[in-house]
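Have a look at the structure below before the remarks.
The values are calculated or read from the model by the stated rules, or taken from the named source; none is laboratory data. If you're wondering where the values come from, they're calculated on a predicted model, not measured in any experiment. FYI the Cβ positions are ideal-geometry reconstructions off the backbone, even for glycines, and counts take in every protein chain you see.
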Amino acid sequence: MKGMNDSMDELLEILRDIQPDVDYEHCETLIDDGYIDSFALISLITSINRVFDAEITAEHIVPENFNSARAIMDLIQRLAAE
Amino acid sequence: MVTMSDGMRKNLLEYLENSAARYPDRLAFTNGETGLTFQALAAAARAAGSALSEYGPRRPVAVLMPKQADMVAALLGVLYSGNYYVPLDWEMSAPRLQKILAAVEPAALVCDAGSEKRLSELGYAGPVRLYEELRAAPAEDALLARIRAQALDIDPAYVVFTSGSTGAPKGVIASHRNALDYIEQLSAVLEADPRTVFGSQTPFYVDACLKELYTTLKCGAQTVIIPKTLFTSPVRLIAFLNEQRVNTICWVSSALTIVSSLGGLKAATPEYLRLIAFGSETFPLRQFEIWRAALPDVKYIHLYGPTEATGMSCYYVIEPGAPLPREKIPIGFPFANTGVLLIDEAGQPVAEPGRVGEMYIRGAGVTMGYFRDSPRTGEAFVQNPLHGDYPEIVYRTGDRACYDEEGALVFAARADQQIKHMGYRIELAEIEEAARDCGAVDACCVFDERTSRMTLFCLSEEDEASLRRRLKNQLPAYMLPAAVISCAAFPLTINGKIDRAALKKRAAERR
């Protein structure tokens, strides 16, 4: 299994590819403040599912799980542990 | 109340007045928590109209408010005052709002207390009226009756701004007659009645909102305004639709796609939906199939139409159990009292299936033209090309289509650089101009229809992130390209024009 830091770097890379101009290390309102809109969210989830071999389903798609890189990482790890 | 002797409606406010008399205590517009009944809506609109009458008649009044029931009251208040409204929203971005306000020079700007705090961002120096004060003003019945008696159905009701090809926003101005004709036909197609509960997705500053707004007033129905953030939480969105018992939605196709592609329909079911109308852009068949499989008993209606013909001009109904279209969903047939001419490059009408022509729209829904722009009005609002016997202005859409074997129209392509993205009509030239405004030497924006992705190429030494940052201040979110690419030179065609096809290929390869 990949180390935490490697995974976080991969996630940040995905996020920057979709929307480069955000301070992902600190931003905690990615959804609430519209940095990631519903279209970016589709790209993001598709990429995460592919890169992390995860299966994010509609139940997981709520702002709390996507408002920060940290929250997204937690979601990915929760899904991996299931 | 003034009505024409034959009972024909001549003012949009008659819809409101009839419903306020018949269903005074029914909730007309709500966000699920707060809202206005028909009676409260009429009272607020009449009060605002009385106070705004000093600016009239027939002058533009801008309304800058959040998408809530109060904004509907403000828009209708402008109509009561004998003026026409220009709906605005902060999500249009400050530079765009500035351009629009400069182009319109409104007689007054109506805003709520929250918007007033931010007005300094717009450099607007004209009169400002606070909605909270207008609403509290006394309604002057005699004054309003006098204004109505002098109003004609050919008088303007609103101006909505679309993206213009020279980069400047383009205002489409429509009359009461245009909107009345549209709503009469549309409400019949939607089979709207007092039991209809709309779930409104589209912003109030585009013509798409007319569907819910005026059909609700005409039929004594209800519009539930869906909080925008719910479109990032499909399961909560569906829960909201169920809580509010929404049974009818008229969304841009991409909003339906969001719900289905995020797996929303696997996790929850909109239980009350009976009718789903969609349009503004292609609805991918694969997504349509997901909806159809999840909600087989719903009636689906594909709508097509340009802002310049008020809203929607054609519709195609897919009844429950009807076979799925094989390739794309047709745009179908014109509404009653609307005509579509399909004309080939030689200027001759196209009759046989499969052959492509350009669509021209004729009928009472053809709007008055572009606001303060005779040259562009003259280019698009033209004499019916099939005869010169008497004056007949039709709208040249720039959209190409053909007939299928059943005689239904099928959309083929745009004739120019105008695209549909996330339900908004966008001129790529406007994005290119914004890039030049941000310091790029030149810019070329390409759109990939398959992936629905815009890529902006800039001749610039600046790095991509800072270009993007500046563009973001300049453009509304829906106009922001998915990727910004700095380059040293553009590929050119043999005619010396930027080779868009080559850039499009480069954009696709970069993915």
request  = Among the residues of the range A:49-63, write down those that are within 10 Å of another protein chain (Cβ to nearest Cβ) and either in a helix (DSSP H, G or I) or in contact (Cβ under 8 Å) with a residue 40 or more places away in the chain (or both).
outcome  = A:Ala58, A:Glu59, A:His60, A:Pro63
request  = Being of a type in the set (A, V, I, L, M) and either outside any loop (DSSP other than H, G, I, E, B) or closer than 22 Å to B:Leu237 by Cβ (or both) is the filter here, so list the residues in the range A:15-28 that pass it.
outcome  = A:Leu15, A:Ile18
ask   = Quick check, is B:Pro127 out of contact with any His (no Cβ under 6 Å at 6 or more places or on another chain), closer than 27 Å to B:Leu101 by Cβ, of a type outside the set (S, T, N, Q) and surrounded by fewer than 22 Cβ atoms within 10 Å (Cβ to Cβ)?
value = yes
query = Is it true that some residue in the range B:201-221 is more than 22 Å from B:Tyr23 (Cβ to Cβ), buried (at least 24 other Cβ atoms within 10 Å of the Cβ), within 12 Å of chain A (Cβ to nearest Cβ) and among the aliphatic types (A, V, I, L, M)?
reply = no
note = All-but-one check, B:Glu184 against (1) assigned by TED's automatic domain parsing to the domain that holds B:Ser53; (2) out of contact with any Leu (no Cβ under 9 Å at 6 or more places or on another chain); (3) in a helix (DSSP H, G or I), failing number (1)
remark   = Note: among B:Phe283, B:Phe278, just one is among the aromatic types (Phe, Trp, Tyr), away from every other protein chain (no Cβ under 12 Å) and over 27 Å from B:Ala28 (Cβ atoms), namely B:Phe283
request  = Determine which member of the set B:Arg376, B:Arg400, B:Arg355 is in contact with a strand residue (DSSP E or B) (Cβ under 8 Å, 6 or more places away or on another chain), assigned to a loop (DSSP other than H, G, I, E, B) and either at pLDDT 95 or above or surrounded by fewer than 19 Cβ atoms within 10 Å (Cβ to Cβ) (or both).
outcome  = B:Arg355
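Residue by residue, here is whether (1) of a type in the set (A, V, I, L, M, F, W, C); (2) in a loop (DSSP other than H, G, I, E, B); (3) within 10 Å of chain B (Cβ to nearest Cβ); (4) out of contact with any strand residue (DSSP E or B) (no Cβ under 7 Å at 6 or more places or on another chain) holds:
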| position | (1), (2), (3), (4) |
| --- | --- |
| A:Glu13 | no, no, no, yes |
| A:Leu30 | yes, yes, yes, yes |
| A:Ile36 | yes, yes, yes, yes |
| A:Leu44 | yes, no, no, yes |
| A:Ser47 | no, no, no, yes |
| A:Asn65 | no, no, yes, yes |
remark   = Log entry, pairs with first residue in the range B:226-245 being more than 10 Å from chain A (Cβ to nearest Cβ), second being part of a helix (DSSP H, G or I), beta carbons closer than 7 Å, six or more apart or on different chains, reads B:Ile226/B:Phe240; B:Phe240/B:Leu230
task = Working only within the range B:228-248, note down all residues that are under 22 Å from the mean Cα position of the chain (by Cα), surrounded by fewer than 24 Cβ atoms within 10 Å (Cβ to Cβ) and either within 28 Å of B:Tyr304 (Cβ to Cβ) or of a type in the set (Lys, Arg) (or both).
result = B:Lys228, B:Leu230, B:Phe231, B:Asn247
request  = Can you confirm whether the range B:291-308 contains a residue that is modelled with pLDDT under 95 and either closer than 30 Å to B:Thr37 by Cβ or within 14 Å of another protein chain (Cβ to nearest Cβ) (or both)?
outcome  = no
request  = Report the residue count in the range B:346-374 for those that are over 30 Å from B:Glu405 (Cα atoms) and acidic (Asp, Glu).
outcome  = 1
key: Test set (1) closer than 29 Å to B:Leu471 by Cβ; (2) more than 14 Å from chain B (Cβ to nearest Cβ) - A:Ala40 fails condition number   = (2)
key: Hits in the range B:456-501 (condition: more than 13 Å from chain A (Cβ to nearest Cβ), polar (S, T, N, Q) and touching a residue at least 12 places away in the same chain (Cβ under 8 Å))   = B:Ser460, B:Gln474
